[in-house]
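Here is the structure we will look at, set down as structure tokens.
The values are calculated or read from the model by the stated rules, or taken from the named source; none is laboratory data. Predicted, not measured: the structure shown is a model, and the values here were computed from it. Positions of Cβ are generated from backbone atoms using ideal geometry, with glycine treated the same way; all protein chains shown enter the neighbour counts. Please note that ligands, DNA and RNA were not included when accessible areas were found on the heavy atoms of the full protein model with its side chains. Shrake-Rupley method; radii C 1.70, N 1.55, O 1.52, S 1.80 Å.
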Amino acid sequence: MKYFTPSPKKGSESKSKLISRRAFVLTSFKFVFLATIISRLFYMQVVKKDEYTIRSDKNRFRSWKLTPSRGVILDKHDHVIADNFQVYKIALIPKEIKSINNFFSSLSELIPLNQDEIDLYKKKLVKFNKYQPFVLNKNLNWKEFSKLNYNIQNLQGAQPFISYERTYKYPFEFSHIIGYVSAPDKNDLNRLDSNFREVPNLKIGKFGLEKNLDDQLLGSPGSATYEVNVFGKRIKQVVHEEGVNGNPIKITIDKDIQTFAHHRLKNNPGSIVVMDMQGKVLCCASSPSFDSNKFTYGMSEDEFKALNKDEQKPLINKALTTAYPPASTIKMLVALSALENKIITKDFKHTCKGDVELYDHKYHCWKEKGHGRIGLHEAIKQSCDIYFYEVARLLGINRLQETAMKFGLGEKVFQNFIEEKEGLIPSTTWKRKVLGKPWFLGETMIAGIGQGYMKSTNVQLCKMMAQFANGGYKISPSFIENEQTVLTEKIVNDDEYVGLLLKSLDAATNEPGGTSYASRIIGARQFAGKTGTAQVRRISQLERDQDIKNKDLPLKYRDHSLFVGFGPTDKPKYAITVIIDHGGSGSAVAAPIARDVMKNIFEKDAKVNNV
């Protein structure tokens with residue numbers, strides 16, 4: 001029996017094949033898609049596991065560098081001069097902030113910020129170093145700090161933290177010598193170890209000893225790693241690596257002497273330097289001063305501009321940076337050079353008639369009618385200009401330069417103080433090389449009284465005076481207490497010359513007729529020294545005829561007032577120099593200040609030694 005097998009309709013067989021083909025393609029696509037997903041998952045979870053783990057951890061964990069505590073600075077008696085104070089701060093992480101306007105809008109609701117401050121921060125952010133967290137120049141109180149931490153989820157890119165700020169115990173008295181710290185710029189960061197990148201609130205020395213000793217004071221940063229939530233709020237500390245605090249530094253400055261000198265200067269622009277016979281600097285005061293804490297805790301742009309534009313230049317350390325004509329304070333140096341070069345003897349005399357003429361030009365003595373016939377002792381005691389014009393003329397500028405250089409004039413006294421000036425002791429070679437002109441005899445004569453091209457800083461003159469007072473030994477002045485100083489190198493050929501000149505300085509202060517006799521110290525301990533009045537302009541014959549006084553001139557044309565001295569006179573322990581900008585006569589202004597400072601030192605010594 002045969003069964004009936006219906007034949008397919010025309011076209012149905014091809015339709016079935018089409019469906020099967022589509023199913024195959026679809027199934028293949030599914031397998032390929034699934035294989036792609038699986039391979040991608042394998043790639044991400046196995047091949048790239050470490051990379052994505054790191055990325056995940058970066059979102060989950062946040063590393064934060066810890067600012068080291070800067071080394072403390074102590075005076076010679078262990079009084080704290082520069083310390084550190086714990087502060088609450090807030091830093092911005094620029095790359096995490098989506099809208100800077102929205103950020104500051106939210107921040108100003110939590111801490112007091114006015115629009116001027118916000119505009120200033122925005123302006124600074126544009127130029128800010130990408131390697132550093134941007135720390136707002138604002139110290140927070142505990143209430144503000146707590147509020148910020150509580151609301152951190154509303155401030156993406158903000159990081160409150162605890163840090164240290166440099167604090168100066170005597171911000172005005174020590175501002176020029178200690179200096180100040182400030183945030184590093186790009187050049188500073190390139191100079192520093194890479195470890196210091198991204199250290200929040202990092203401050204480095206910018207001026208004075210803070211800059212000079214920065215490597216020792218800076219320390220080394222630590223670090224901490226925190227687990228954070230999606231808002232960046234810290235949940236717990238995971239890792240903590242303690243940093244290394246900066247080294248404490250003990251300096252030679254005596255707080256009491258420095259403070260007294262600062263207040264004695266009062267409103268007189270100028271400087272006072274005191275050092276012992278080995279070169280340890282006990283005082284280095286400059287006036288006017290400034291508040292060094294302002295550089296730590298912030299000052300307005302207007303305040304900084306006012307300091308910069310002040311004609312009395314409060315930001316400049318006048319003891320190291322300003323070079324003056326040394327005037328009559330180097331007359332004993334001129335005498336020593338002439339004695340050592342056998343140009344004159346200790347008995348050399350000359351006649352002073354009040355002026356002397358050379359090639360139709362008159363050179364005047366400060367004493368209009370002259371000193372008459374005068375010898376070396378009296379010439380120093382009474383500061384006769386005519387006598388030293390003649391000595392310098394006989395000596396010559398080159399021999400004078402050689403002696404002056406032996407005493408440290410014309411070169412820096414300290415190392416690595418970028419603000420220190422070298423001064424200038426000229427010579428015939430110098431003038432031809434620098435100015436392209438020949439040297440004239442008249443220039444030698446005025447160099448004999450410390451005028452003309454001659455320029456010296458206060459610390460150079462103090463070093464010179466200390467080397468006279470210690471018997472003619474070379475010293476290397478220092479601000480660091482633990483540096484050893486031994487007097488071994490003699491720079492004076494004959495002790496008799498030193499004794500002769502010191503006796504002349506003693507007479508100048510402690511005998512009637514001496515230029516600083518009015519500033520003598522009456523008592524068992526005395527001091528001695530030489531006054532100087534440095535001209536800053538040429539005085540015309542018309543001015544001399546009209547008898548125009550220094551006090552009648554505009555301030556910038558008035559003479560500088562100088563004094564160099566030592567004490568006690570019987571056993572010298574200290575050298576002192578005082579320079580007052582445009583102060584007038586050295587005997588009227590600088591000498592009384594030197595007397596008061598030296599008297600204060602003697603009284604301090606007496607208390608310490610129970611005398």
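Figures for the structure shown
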item	result
Mean Cβ neighbour count within 10 Å, used as a protection proxy, ranking 163-173, 474-484, 20-30 highest first	163-173, 474-484, 20-30
Overall form of segment 482-611 per C-alpha gyration tensor (a/c, 1.5; a/b vs b/c)	prolate
Dipole-positive endmost among 403, 582, 507 within segment 320-610 (Cβ charges, Cα centre)	582
Solvent accessible area, Å² - residue 405, 1.4 Å probe, full protein context	80 Å²
Protection proxy ranking, peptides 147-154, 94-101, average beta carbon neighbours within 10 Å, highest first	147-154, 94-101
Accessible surface, per residue, of the chain when the full set of protein chains is kept, probe 1.4 Å, Å²	52 Å²
Potential extension, residue 596-residue 142 segment - 0.36 nm per residue separation minus Cα distance	158.8 nm
Which of 368, 109 is most accessible, then next, and so on - probe 1.4 Å	368, 109
Accessible surface ranking that places the most exposed of 377, 560 first, with a 1.4 angstrom probe	377, 560
In segment 297-346, the GluC sites (Glu not before Pro) that fall in loop regions by DSSP, at most 12 other Cβ within 10 Å	311
Among 265-275, 446-456, the order from most to least packed when residues are scored by Cβ within 10 Å on average	446-456, 265-275
Signed unit charges on C-beta, dipole axis of the chain, positive-most listed residue 391, 476, 139	139
Accessible-area value, residue 310, 1.4 Å probe, nucleic acids and ligands omitted, Å²	60 Å²
Segment 240-379 shape via C-alpha gyration tensor axes, a/c threshold 1.5	prolate
Lys, Arg +1 and Asp, Glu -1 on Cβ, resulting dipole of the chain about Cα centre, debye, nearest 20	3920 debye
Carbon and sulfur %, accessible surface of segment 353-506 computed with the full protein complex present, 1.4 Å	48 percent
Subset of 266/381; 76/607; 318/556; 305/421; 65/95; 353/530 violating a 20 Å alpha-carbon distance limit	266/381; 305/421; 353/530
Global form of the chain, assessed from the alpha-carbon gyration tensor, a/c cut-off 1.5	prolate
Cβ-Cβ FRET estimate between residue 109 and residue 185, R0 fixed at 41 Å, reported to 0.05	0.80
